[in-house]
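Working notes for the structure below.
The values are calculated or read from the model by the stated rules, or taken from the named source; none is laboratory data. Keep in mind that this is a model prediction, so the values were computed, not measured. Positions of Cβ are backbone-derived with ideal geometry, glycine not excepted, and every protein chain shown enters the neighbour counts. Just the protein is used for accessible areas: all its heavy atoms, side chains included, with ligands, DNA and RNA removed. Shrake-Rupley method; radii C 1.70, N 1.55, O 1.52, S 1.80 Å.
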Amino acid sequence: MSLITCAFCKGKGKDPFNLLSELATCQVCGGKGKVEVKEPAIGCAYCKGTGVYPHGSRITCTVCNGKGMVTVKGATEKCPRCKGTGQEIESGLSCIKCGGKGVVRKKEEA
Ligand SMILES: [Zn+2]
Ligand SMILES: [Zn+2]
Ligand SMILES: [Zn+2]
């Protein structure tokens, strides 16, 4: 595990959109400003590492849960379906092949 700055609140520990009140704590890090991710982790392709759901609705990214980083295991390569964007081209939903991470497990060389 490693401790990273919470992407959703940018480490401030406060709800970045003031949905409840100005003093509301960030729902992702619980106000700590830091979140734990399992290594190895990469920047979330779906939200581009912002932790915010990319289609406007002021909610946490459904792929990284607001952390801005996602855990990937083993060797990976760019997802051929979404070309690394993490999004379905037509719907904008998270890619069904890579789950929004933008990378897929690299095929073992034969
Ligand atoms: Zn936070
Ligand atoms: Zn994300
Ligand atoms: Zn994909």
**Fill in**
Between K97 and S2, the two model label points (7 Å from Cα along the beta-carbon direction) sit apart by a distance in nm of 2.8 nm
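Order the peptides 3-9, 93-99 from the highest to the lowest mean number of other Cβ atoms within 10 Å of their residues. Intermediate results must be reported in sequence, preceding the final value.
Values: 3-9: 20.1, 93-99: 18.3.
Going from most to least packed, we get 3-9, 93-99.
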**Pair R105, A75: separation of 7 Å Cα→Cβ label points (nm)** = 1.4 nm
**Fill in**
Note: K83 to S21 extended length (0.36 nm per residue) minus current alpha-carbon separation gives 18.4 nm
**Message:** I'd like the distance separating the alpha-carbon centroids of region 82-110 and region 30-54, in whole Å.
**Reply:** 17 Å
**Request:** For every other residue with a beta carbon closer than 12 angstrom to the beta carbon of G66, add +1 if it is Lys or Arg and -1 if Asp or Glu, then tell me the sum.
**Result:** +2
**Prompt:** Where the accessible area of the chain is counted over protein heavy atoms with a 1.4 Å probe, how much of it, in %, is carbon and sulfur?
**Reply:** 52 percent
**Request:** Evaluate the relative contact order of the chain (contact order divided by residue number), counting alpha-carbon pairs under 8 angstrom at least 6 apart; express in whole percent.
**Result:** 22 percent
**Request:** Could you tell me which of T25, V70, L93 has its Cα farthest along the dipole of the chain towards the positive end, charges placed at Cβ (Lys, Arg +1; Asp, Glu -1), taken about the Cα centre?
**Result:** V70
**Message:** For a distance above 18 Å, tell me the whole-number percent of Cα pairs in the chain that qualify.
**Reply:** 49 percent
